[in-house]
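Here's the structure, in structure tokens; my notes come after.
The values are calculated or read from the model by the stated rules, or taken from the named source; none is laboratory data. What you see is a predicted model, and the numbers here were worked out from it, not measured in a lab. With ideal geometry, Cβ positions are generated from the backbone for all residues, glycine too; neighbour counts draw on all protein chains shown.
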Amino acid sequence: MNDRIIIEIDRVTRKFGSFTALDEVSVQIREGEFFSLLGPSGCGKTTLLRQLAGFDDPTSGAIRIDGQAMVGVPANRRPTNMVFQNYAIFPHLTVEQNVAYGLRRLRLDGQERERRVKEALVRVDMAHLGARRSNEISGGQRQRVALARALIMRPKVLLLDEPLSALDKKLREQMQVELRHLQRAVGITFILVTHDQEEALTMSDRIAVMFGGRIAQCDRPENIYQQPRSRAVAEFIGGMNFLDAAILSESEDVIEVDVAGFGRAEVRKPAGAYFNGSGLTIGARPERMTLVYDEEAGHNRVVAGTVVEASYYGDMTYYAIAIESLDRPVVVSMRNTIGRRSLAAGEKVQVGWSPESLVPLV
Amino acid sequence: MAKIRPLGIYAFLYLAFLYVPVLFLPIFSFNDSAIVAFPLKGITTQWYANLWSDDAMQGALWNSLKVAVASSLVATVLGICGARALTRYRFPGKAGIAALIMLPLVLPEIIIAISLLVVLLQLGFSLSLFSVTLGHILMSVPFSIAVLSSSFEGFDRSLEEASLDLGEGPAATFFRVTLPIVAPGILSSLLITFTISLDEFIVAFFLSGTEPTLPIYIWSQLRFTAKLPNVLALGSLLLLASFLLLSVAEVMRRRAVRRAGAGTSGGFL
Amino acid sequence: MAAVTDSYTVTAGGRLRARLARSEAARGLALVSPTFLYALLLLLAPILVIVAFSFWTQDYLDIDRTATLANYREAWTDPLYRILMFRSLGVSALVTLITVLLAYPMAYYLSFHLGQRKALWLFLITIPFWTSYLLRVFAWKIILGYNGAINASLMELGLIAQPMEFLLYNVNSVVITLAHAWAPFAILPIFVSLEKIDRSLLEAATDLGDGPIRRFLRITLPLSLPGVVAAALIVFIPTVGDYVTPRLVGGKDGLMIANMVQFGKANNWPLGAALAVSTMVVVTAASLMFVVLAKQLTARFR
């Protein structure tokens, strides 16, 4: 990935009658980036992807790919290729014929075409299934064919519309890793649409979280996860405890708060954010706190609580802890390391936390 | 499903009721007697042999084939346009347009026949195989649209988008993707409209001039009791031909539906 | 599509969108136009011409185009036409009743008791319908005739001494033949509406205590009523105007209204037109009444 901007989306708006699917969306995507559009259904992410592909045009705004204006350019003349959600494998052609489909216009000689097709199939590990038809291969295999078919065209940008949603969990996790490797190997800009936050976090260089036709936050995965700008983003990505807090004082970089149930703390602010007013919501990730029991204290601060419920997830256990003066339990996760005892409902514990556990939310 | 339900018995009886009367035609076509009556008098193929030398019949057959081929081609082309427009596009007046095009399915055939007759004669056209063809096209188009609609409807739209995405224009997409997938449906439509035209009587009866089609010929022969067994032989052959054509059409239709990705549990309509 | 360069105001964008929508509509209309125009020119226009004709009179070989209701008067007052009209309606109604009643259990069997082989059965059921109508009617002539299958076999078995005459060349034979001819057509709409019934509704009813018969009466039958109505209309409307069956097996007593519609050189076209139009009007009115009645019946079930 370099710093060259390859896609510019400039105040793109798309309305369908009175419904606004995209509302002045602006974002710049770098060459070689693995960029994800993440959001719930109806947020506009697929609409935006289709605008890039050329199956739709914005009501207003501009789209530029590699400096060239794209609005009004039909799909078949754009330097993009798409992997469709249901793969759209041509049922009347074999795997090889599918992959070779777009090469017809290039009028390559037979040998060159064969070579390219072979190369594309090998890259997605489908070389041995070239003669099969779409109803003779599995869903995961169809997805690879769709990938090969798109990548063989050497597009500047590869668009992926929820490519993994039809696969079962194990296969999905495997494909996430493979897609990432593929993207790094090929070096093309990938733009992925998904509603699965884990997928976006695992694969992307940057994520744009979208709600209601707007981009709520666009940043690297770690930043989005650890410093969500708003409650909506925080809720969408990962589990989050939401706590009410009163603002005691505010300065350039920090804000002093009194968090209900927990106490006072000085929390870092995201750059340029101002929290005017008397109160705000503080987010705290379950894994940024800990439970102190059966061992010596070693934390900055602790708050007393009672275990309400324990949810076992194999590698982690999520504990709901009731803290006095809070009406809802706080969720704290603990890794099930060797020697760590599981807690039962009703046991008394101490919740360990520090100012770094807290995220101020707009 | 091994136990015999009363409803199952009913179903078999119903099917028998549908088929048995029709089977009487072939039965008597092998009967060694000029009188179409029981009891049967032995087996013969002379009635079929007679057909070879029956020039009038062969002329009528040839006429029917000409009309059927023309009618099926035009009706299928119109059906492709209609089915694609109705399944893929939204436009004002769609419901009314669809209703008019499909109207021949519900109207009494005689209404269609006489309306066309009056207009053609008033406009100065003389009746001929051409006028018959016009009538047959009108009646076949709804069936063509019905068959092709299921082909088009099951057709995944993203297949066409994928083709565009890979660089082909709309025309190339139609010929490389849409047409091959819909081809079995088109074939099915051709066969069905061909069979409809071949068998159709009323409209042909009113709209034909001096050249009869096969059903008209059969009708005219029904008065001559001596020639009856010949007609039976002819009719049996016609039934067999229709049955075969329709079977192929059905196989094609199922293949079309399978190719486009949908299920095969429904029938034509 | 015009290229949209930089920022448009919303109204301009609205225009663009309207242009896009119009182009889909335009393309759709363009695509359907050959088929539509064909139907317009060869179906709708001729029918309108027939309607026009019905108001004119035949003046020997010319058509007198002054508008008049004379033809209608004759069509409605002449006892022959009256009888035929009522007979046609009656026959059609009877045929519809028989066909639909017989078709319903068959459609039920198809929908509920067949799994994989539904398509095959549907095919077998509809095939006879596609073959020559003429031949099928003729087959009944063979069966019902004086020396036909029924009489001959009954005589062989010694059950009757003389052939029965009432089988052929009267209204009965017309009804039987038409019921046979239209049977498959009645099955399809009923089948389609039965297929649409969500099976889990039936499971819910059973779960709540209904036996099979109650469940049928309370859930299946009401939900399939639209299909039954469609089947009734599909059979009723075309059979009123049937020509071939009354001609071949109706004899003198079984003629129907269509047999009166003559359009040869020497015939009275305007009168024929008036008869045809009257028939259609009556049929449409009867159908509408039927549909309204059916709707009221279904409304009571809700």
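Of the residues making up the stretch B:134-154, one or more are closer than 24 Å to C:Glu24 by Cα and outside any helix (DSSP H, G or I). Applying the condition of being more than 9 Å from chain C (Cβ to nearest Cβ) and part of a helix (DSSP H, G or I) to the stretch B:1-19 and asking which residue is modelled with the lowest pLDDT yields B:Pro6.
From the list B:Ile186, B:Ile216, the lone residue that is surrounded by fewer than 24 Cβ atoms within 10 Å (Cβ to Cβ) and under 15 Å from the mean Cα position of the chain (by Cα) is B:Ile186. The criterion of being over 27 Å from A:Asn135 (Cα atoms), β-branched (Val, Ile, Thr) and within 11 Å of another protein chain (Cβ to nearest Cβ) does not hold for A:Ile89.
Here C:Pro238 meets each of (1) within 14 Å of another protein chain (Cβ to nearest Cβ); (2) assigned to a helix (DSSP H, G or I); (3) touching a helix residue (DSSP H, G or I) at 6+ places or on another chain (Cβ under 6 Å) with one exception, condition (3).
For the stretch C:162-189, filtering for residues that are over 19 Å from B:Ala16 (Cβ atoms), assigned to a helix (DSSP H, G or I) and within 11 Å of chain B (Cβ to nearest Cβ) leaves 2. Looking only at the stretch A:244-266, residues that are of a type in the set (A, V, I, L, M), part of a strand (DSSP E or B) and surrounded by fewer than 21 Cβ atoms within 10 Å (Cβ to Cβ) come to 4 in all.
Residues that are buried (at least 21 other Cβ atoms within 10 Å of the Cβ) and not small (Gly, Ala, Ser) were ranked within the stretch B:143-160; the one that is modelled with the lowest pLDDT is B:Phe155. The set of residues from the stretch C:54-107 being small (Gly, Ala, Ser) and in a helix (DSSP H, G or I) comprises C:Ser54, C:Ala70, C:Ala75, C:Ser88, C:Gly90, C:Ser92, C:Ala93, C:Ala103, C:Ala107.
Where strands (runs of 3 or more DSSP E) sit wholly within the stretch A:1-96, none has at least 3 residues that are at negative phi and free of Cβ contacts under 8 Å to residues at least 12 places away in the same chain.
Results for (1) aliphatic (A, V, I, L, M); (2) at the interface with another protein chain (Cβ under 8 Å from one of its Cβ atoms); (3) without any contact (Cβ under 8 Å) to a residue 60 or more places away in the chain; (4) touching a helix residue (DSSP H, G or I) at 6+ places or on another chain (Cβ under 6 Å), shown as yes or no for each residue.
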site: C:Thr99; (1), (2), (3), (4): no, no, no, yes
site: C:Ile127; (1), (2), (3), (4): yes, yes, yes, yes
site: C:Ala149; (1), (2), (3), (4): yes, yes, yes, yes
site: C:Ser153; (1), (2), (3), (4): no, yes, yes, no
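Considering (1) free of Cβ contacts under 8 Å to residues at least 12 places away in the same chain; (2) farther than 30 Å from B:Arg255 by Cα, the lone condition that C:Ala70 does not fulfil carries the number (1). Of all residues in the stretch C:190-204, those being within 11 Å of another protein chain (Cβ to nearest Cβ) and either within 26 Å of C:Tyr133 (Cα to Cα) or crowded, with 22+ Cβ neighbours inside 10 Å (or both) number 2. Out of all the residues in the stretch C:52-65, is one or more surrounded by 19 or more Cβ atoms within 10 Å (Cβ to Cβ), in contact (Cβ under 8 Å) with a residue 12 or more places away in the chain and within 10 Å of another protein chain (Cβ to nearest Cβ)? Scanning the stretch C:52-65, I find at least one residue that is surrounded by 19 or more Cβ atoms within 10 Å (Cβ to Cβ), in contact (Cβ under 8 Å) with a residue 12 or more places away in the chain and within 10 Å of another protein chain (Cβ to nearest Cβ), so the answer is yes. Suppose the filter is in contact with a helix residue (DSSP H, G or I) (Cβ under 8 Å, 6 or more places away or on another chain) and assigned to a loop (DSSP other than H, G, I, E, B); does B:Glu160 pass it? For B:Glu160, the condition - in contact with a helix residue (DSSP H, G or I) (Cβ under 8 Å, 6 or more places away or on another chain) and assigned to a loop (DSSP other than H, G, I, E, B) - is not met. Against the list (1) modelled with pLDDT of 85 or more; (2) more than 13 Å from chain B (Cβ to nearest Cβ); (3) assigned to a helix (DSSP H, G or I), the condition C:Arg218 fails is (1). If you check B:Thr195 against the conditions, is it of a type in the set (S, T, N, Q), more than 30 Å from A:Ile89 (Cα to Cα) and either buried (at least 22 other Cβ atoms within 10 Å of the Cβ) or within 14 Å of chain A (Cβ to nearest Cβ) (or both)? Judged against the criteria, B:Thr195 is a match.
Filtering the stretch B:137-187 to residues that are more than 30 Å from B:Ala113 (Cα to Cα) and away from chain A (no Cβ under 14 Å) leaves B:Phe152, B:Glu153. Each residue in the stretch A:102-142 was checked for being crowded, with 16+ Cβ neighbours inside 10 Å and of a type in the set (A, V, I, L, M), and 9 pass. Looking at B:Phe28, B:Phe38, B:Phe24, just one residue is in contact with an Asp or Glu (Cβ under 8 Å, 6 or more places away or on another chain), surrounded by 15 or more Cβ atoms within 10 Å (Cβ to Cβ) and at pLDDT below 85, and that residue is B:Phe38. Residues of the stretch A:92-101 that are at the interface with chain B (Cβ under 9 Å from one of its Cβ atoms) and surrounded by fewer than 21 Cβ atoms within 10 Å (Cβ to Cβ): A:His92, A:Leu93.
Filtered by the rule that a residue be surrounded by 18 or more Cβ atoms within 10 Å (Cβ to Cβ) and more than 7 Å from every other protein chain (Cβ to nearest Cβ), the stretch A:67-84 gives A:Met70, A:Arg78, A:Thr80, A:Val83.
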